Amino acid sequence: MKNGTAPLTLRIEQLSKTYRKGRGDAVEALKSFSLELQAGEIFGLLGPNGAGKTTLVKTLLGIVRPTSGRAFILDHPVGSVKARQHIGYLPENHRFPGHLSGEQLMRIFGELSGVSGKKLDARIDELLELVELREWRATAIRKYSKGMQQRLGLAQALISKPQLLFLDEPTDGIDPVGRKRIRDVLIHARDQGTTIFLNSHLLSEVELLTDRVAILNKGTVVAAGTTEELTATPNVYTLEFDPAQADAINGLEGVKHMDSSSGTLELLAESVGVLNQRIDTLRQHQVLLKAVRPKRNTLEQLFFDVIEQQ
Amino acid sequence: MRRFSAILRETLLEVLSNKVLIGFFVIAGLGLLAMIIAINMPDTSAKIARLQPTPDFPDSAALETFVREWFSISVGFLFYNSFLIVATIITAGLVPSMMRKGVIDLYLSKPISRTQLLFGKVLGGLIIVLACIIFFVGGVWLIFGLKTGVWDPAPLASMFPIMVSFIGMYGILVFIGVTSESPFLGIIIVFLLAGLVSATLANRETTLYGLVPSDIGHTVIDLLYVIMPQTSESAEIAGDIMYGKTVTNYFPMIQASFTGLLFFSLAAFSFKRKEF
């Protein structure tokens, strides 16, 4: 419990997983992973293929057993039936039985999740509407496109109004329109109070959606924090100016990079006072500034930086 | 219970979409149709009319024997062995299909125990197989009852040894499905055990004793005979029941039930421990 009130949605303590391959060979897929998630957060787990992302999710679902450490979903040990009553899951490369219709699948997975009767009927209607598959409800899933199957997967994951939603590469192989639809559904779920654990290597998607991220490489967390914290570049500012005045900037102290054609400048300033001094210098040279803002990296830049450092 | 019934229903829907099952119902339906035609042929109809009890000769034994002979040929000979093959093929994929990557993760993330999940699949397979048996054996019984007026329940009881024989084989099939995740390996091993091995062991005195002359060797062979599915002996029991004979040795049925239970339990244990 946190502050003696509501339990954390997810609490992971030093979770490790080692796969034994026989003859003494072992692969450490996950090394002492810890995390706490509050209700309504969207958390993104990034990492290259084989980083241990899927192993972590499968451990939290009880599909694989941890070698050491422990984890709890709303204070219930992961893998227990009680813990699974609170979760929804969309696995990577899921395969639904092609002979079922979308509605049949929703009904079966709804009942498996403990929803039934009129509540289930209403939930199926609501979710098929939300994922824009209402007209396809009676059609066999084998006739669905990849994007439709992904949206149906998301709907089945949400069927029991889970408090924690695990999504493993939910937008992989989906076109931009499909990705936007899925993003909208996730934002809707978050607004309803669902905590979302997003496992992806589509960095732009993660950047658009998440409150906090961690980058996993070779089973170890190599960076973690809020998206803003991770993408911030301390003491570097971006300035926009009239490209015609580029010559006036030559020789200015602290310039990291200048793009004359677009009229942008990256300026290093150790403090706000230094920043203002340098802006004053530019103004003395009659440079008209259009914008001044702290520089931010993209998550993609950060990702490549930390992975390369490894 | 609701979760268990959901997995059961999903299994039934899966089996009903199986082309082999559809093929079975088509062929079995055609078989029943052929039987209707055969017993309505002028010669057969005349024979049935001759065997009908009359006020002067009220004994219906001859007509009952006639019906049981037909049962013996259609169910005991044609249906019994071919159906066990078809039932094995229909049900072999149920557990491995659930264990495919991208499918098993979905099931295991739901709040249902692994034991319930596995037994939902197993029970679904058994229900379908029982439905197939009832369809054909019940169909034959109905056709002859309507034609001859003989409503002898004894041939219907032949469904029991067919089902029990299948349970023994199905246990092995489920265990191999869980451990190897391959439907084909399961089919091959069950066919080998229930066909080749079972027949060889049933005739062990003429086939195997000569190869292993020692008493210890004979004891080992006898032990193997006891623990392996006794398909041909089960077929004999089915035949005896159809003919209304007293069955003196139910051991093959006990053995098949035990094999089924043992392998279902081993499959459940293995499935519970497995990581995906």
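Rounded to whole Å and ordered largest first, report the semi-axes of the equivalent ellipsoid of chain A derived from its Cα gyration tensor (root of 5λ).
Semi-axes, largest first: 44, 25, 18 Å.
Output wanted: per-residue J couplings in Hz (rounded whole) for the stretch A:279-286, from phi through Karplus 6.51 cos²θ - 1.76 cosθ + 1.60, θ = phi - 60°, x for Gly and Pro.
5, 4, 4, 4, 5, 4, 8, 6
Roughly how many Å is it from the Cα centre of the stretch A:35-64 to that of the stretch B:39-65, as a whole number?
75 Å
When the helix-only estimate is applied to chain B (DSSP H runs of n ≥ 4, each -39,500 (n - 2.57), divided by the residue count), what is the mean residue ellipticity at 222 nm, nearest 500 deg cm²/dmol?
-23500 deg cm²/dmol
What does the structure give for B:108-121 when I average, per residue, the other chain Cβ atoms found within 10 Å of the residue Cβ?
That average works out to 5.
Mind checking the mean number of beta-carbon atoms from other chains within 10 Å of the Cβ atoms in A:78-91?
Mean inter-chain Cβ contacts per residue within 10 Å come to 3.
Could you work out which residue, out of A:Gly102, A:Gly22, A:Gly193, moves most in a Gaussian network model of chain A, that is, has the largest mean-square fluctuation with Cα springs under 10 Å?
A:Gly22
Could you tell me how many degrees, from 0 to 90 and to the nearest 10, lie between the Cα long axis of helix B:215-227 and the main elongation axis, the longest principal axis, of the Cα atoms of chain B?
The angle comes out near 80 degrees.
Which three lengths, in whole Å and largest first, does the stretch B:1-142 cover when its Cα atoms are put on their principal axes?
Cα extents, longest axis first: 72, 27, 19 Å.
Which ³J(HN,Hα) values, rounded to whole Hz and listed in residue order, are derived for the stretch B:264-270 from phi using the Karplus coefficients 6.51, -1.76 and 1.60 in 6.51 cos²θ - 1.76 cosθ + 1.60 with θ = phi - 60°, glycine and proline given as x?
Result, rounded to whole Hz: 4, 5, 4, 5, 5, 4, 5.
Tell me the angle of helix A:117-130 to the major Cα principal axis of chain A, expressed in degrees between 0 and 90 and rounded to the nearest ten.
The angle comes out at about 30 degrees.
Please report the buried accessible area for the interface of A with B, total over both chains, probe 1.4 Å, in Å² to the nearest 100.
The buried area between A and B, both sides summed, comes to about 2800 Å².
What does the net charge come to around B:Ile7 if you take all other residues with beta carbon closer than 14 Å to its beta carbon, with K and R at +1 and D and E at -1?
+4
Under 25 °C and 0.890 mPa s, how fast does the protein assembly as shown diffuse according to Stokes-Einstein, given a Kirkwood radius computed over C-alpha pairs? Answer in µm²/s, whole number.
Rounded to a whole number, D works out at 84 µm²/s.
Name the most mobile residue of B:Ala34, B:Ala194, B:Ala202, meaning the one with the largest mean-square fluctuation, in a Gaussian network model of chain B with Cα contacts below 10 Å.
Most flexible of the set in this elastic network: B:Ala34.
Give me the dipole magnitude in Debye, nearest 20, for chain B about the Cα centre, with unit charges on the beta carbon: positive for Lys and Arg, negative for Asp and Glu.
I would put it at about 1280 debye.
Pop out the ³J(HN,Hα) list for the stretch B:196-209 in order, Karplus 6.51 cos²θ - 1.76 cosθ + 1.60 with θ = phi - 60°, rounded to Hz; leave Gly and Pro as x.
Result, rounded to whole Hz: 5, 5, 4, 5, 5, 5, 4, 10, 4, 5, 8, 9, 9, 4.
Mind putting a number on the dipole of the stretch A:179-247 about its Cα centre? Charges go on the C-beta only, +1 for Lys and Arg and -1 for Asp and Glu, and I need it in Debye to the nearest 20.
Rounded to the nearest 20 debye, it is 580 debye.
Taking only Cα atoms, what is the 0 to 90° angle, nearest 10, from helix A:299-309's long axis to the longest principal axis of chain A?
Tilt relative to chain A: about 90 degrees.
Scan the stretch B:136-227 for chymotrypsin sites (Phe, Trp or Tyr not before Pro) in coil per DSSP, keeping those whose Cβ has at most 15 other Cβ atoms within 10 Å, and list them by number.
B:Trp151, B:Tyr209
For chain A, which longest stretch is free of loop sites, where a loop site is one of the trypsin sites (Lys or Arg not before Pro) that DSSP puts outside H, G, I, E and B and that has at most 11 other Cβ atoms within 10 Å?
No qualifying site falls inside A:24-310, the longest such stretch.
Could you work out, residue by residue across B:3-13, how many beta carbons of other chains sit within 10 Å of that residue's beta carbon, and then give the average as an integer?
4
Filter the GluC sites (Glu not before Pro) in the stretch A:269-310 to those in DSSP coil with at most 10 other Cβ atoms within 10 Å of their Cβ, and list the result.
A:Glu270
Which one, A:Thr195, A:Ala155, A:Thr231, projects farthest toward the positive side of the charge dipole computed for the stretch A:152-237 from Cβ point charges (K/R +1, D/E -1)?
It is A:Ala155.
The values are calculated or read from the model by the stated rules, or taken from the named source; none is laboratory data. Keep in mind that what you see is a predicted model, and the values were worked out from it rather than measured. Cβ coordinates were reconstructed from backbone atoms using ideal geometry, including for glycine residues, and neighbour counts include every protein chain displayed. Each accessible area value is taken on the protein alone, full model and side chains, heavy atoms only, with ligands, DNA and RNA left out. Shrake-Rupley method; radii C 1.70, N 1.55, O 1.52, S 1.80 Å.
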